[in-house]
Amino acid sequence: MAYVGQLQRKFVEYTKSLYREGIVDKQFTQLHNLQDESNPDFAEEVVTLFFTDSQRLLNELTNALEQQDVDFNTVDAYVHQFKGSSSSVGAQRVKDLCISFRTLCEQQNKELCLRCLQQVKLEYASFKSKLESLFQLEKQIVEAGGTIPTID
Amino acid sequence: MEGATGNNGGKGEHSKQGDSVRKLTALVMDDPICQRVERALLMSLDVEAHGVDNAHDAFKLLSEGRSFDLIILCSILPGINGFMATRMLRAMGVQCKILGLCGLTVEQGRQAFLDAGADGYYEKPIKAAQLIPILKEIDPNYQPPNSRA
């Protein structure tokens, strides 16, 4: 049981660090609040769905910005969508970058949009990696016979 | 169109004392991720929530006779966007509450939704505190689950 306790402490510390660093916000807490007996893995399922859809959106954005004549309305629509989904899962930094990205779309600045896209990709990759580590910790706790601690 | 309206303005049939209360119903029109979160939130508020990811499927449901107390739709949908979909829902005779959602608040978006016939406009993610007053407007007897004795 000492091992379970160790994992649980690691989980609590890691989760707190994600909030502290602004990787996730209150909406991520809300995903956990929406879990119940009929939907015990809701947060992980939605975030995993977000991973798949984000890859598609980032590919579309890359494609749209690499066109000779960039259609900024199309770019804007993808950014708008990405902001919506990232804010819905509590991916705070990704969401905040999308807000900046949107401003650059309005200015129709291709160069700055491309640079912003790079930042979005990096921030998204960081979010994905950290959340995957968190979900892995959760699995380890459950497999070791423990329960996932709730974070205040 | 038969069946395409909200339930007489959403009031539905409500309980006499001792009878079971009809749950409010909602249709969410949004991308799969946001839809799941919005539907889960509605279900946590004891609202039966259905989801589609495009306006065409919504119109099909309504034309088959389904009706809802509340429709929530995103401004960006594949094919027909949220603003146009709202206009079309009203033109079809849908009278229930319609709420528009967007990824980023823009005044033009707000006005476009309201002009199209929506009753409200919110930035994602929509919160319980924003939904509960709307649900109470739809049904004065509505009580969110946590507030029940």
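Where a number appears in this text, it was derived from the coordinates with a stated rule and is not lab data. Keep in mind the model is a prediction, meaning the values are calculated, not measured. Positions of Cβ are generated from backbone atoms using ideal geometry, with glycine treated the same way; all protein chains shown enter the neighbour counts.
Counted by neighbouring Cβ atoms within 10 Å, the residues A:L131, A:L122 run from fewest to most as A:L122, A:L131.
Modelled label positions at B:D115 and A:D69, each set 7 Å beyond Cα in the direction of Cβ, lie 2.7 nm from each other.
Ordered by the count of other Cβ atoms within 10 Å of each Cβ, fewest first, A:S17, A:S86, A:S38, A:S100 give A:S38, A:S17, A:S100, A:S86. Per-residue ellipticity at 222 nm from helix content only, as computed over chain A with -39500 (n - 2.57) for each DSSP H run of at least four residues, stands at -27000 deg cm²/dmol.
Of all complete DSSP H helices in chain A, those with a Cα span along the helix axis of 30 Å or greater and a mean Kyte-Doolittle hydropathy of -0.5 or more are A:42-65, A:110-143.
How high is the relative contact order of region A:2-143, in percent, counting Cα pairs under 8 Å that sit 6 or more residues apart? Computed over region A:2-143, the figure is 29 percent. Taking a ≥ b ≥ c as the square roots of the eigenvalues of the Cα gyration tensor of region A:1-86, is the shape rounded (a/c under 1.5), prolate (a/b larger than b/c) or oblate? Prolate is the answer for region A:1-86, as a/c is 1.5 or above and a/b outweighs b/c. Cβ under 14 Å from B:V28's Cβ, B:V28 left aside: what net charge do those residues give with Lys, Arg +1 and Asp, Glu -1? Residues near B:V28 contribute -2 overall.
Kirkwood analysis of region A:2-143, using all unique Cα-Cα pairs, places the hydrodynamic radius at 16.2 Å.
Can you tell which of A:S133, A:S85, A:S54 shows the greatest fluctuation in a Gaussian network model of chain A with Cα springs below 10 Å? Judging by the Gaussian network model, the answer is A:S133. Label point of A:I99 set 7 angstrom out along Cα-Cβ; within region B:90-127, amide nitrogens under 14 Å from it belong to B:103-106, B:123-125. Distances between placed amide hydrogens fall under 5 Å for B:I71 paired with B:L27, B:K97, B:I98, B:L99, all partners being 5 or more residues away or on another chain.
Hydrodynamic analysis of the protein assembly as shown uses the Kirkwood radius over alpha carbon pairs. Inserted into Stokes-Einstein at 37 °C and 0.692 mPa s, it gives a translational diffusion coefficient of 159 µm²/s. Out of the DSSP beta bridges found with both residues in the protein assembly as shown, what percent are antiparallel (nearest 5)? Given both bridge residues lie in the protein assembly as shown, the antiparallel proportion sits at roughly 5 percent. Would you please classify the overall shape of region B:28-95 from the alpha carbon gyration tensor, given that a ≥ b ≥ c denote the square roots of the eigenvalues, rounded means a/c under 1.5, and beyond that prolate means a/b larger than b/c while oblate covers the rest? Oblate shape, in that a/c is at least 1.5 and b/c is the bigger or equal ratio. The 3J(HN,Hα) values that the Karplus relation (6.51, -1.76, 1.60; θ = phi - 60°) gives for region B:44-60 are, in residue order, 5, 9, 6, 9, 6, 10, 10, x, 9, 10, 7, 5, 4, 5, 5, 4, 4 Hz. Gly and Pro appear as x. Would you kindly state the longest site-free stretch of chain A, with sites defined as GluC sites (Glu not before Pro) in a DSSP loop (not H, G, I, E, B) surrounded by at most 12 other Cβ atoms within 10 Å? The reported range is A:67-152.
Listed by Cβ neighbour count within 10 Å, with the fewest neighbours leading, A:S126, B:S67 appear as A:S126, B:S67.
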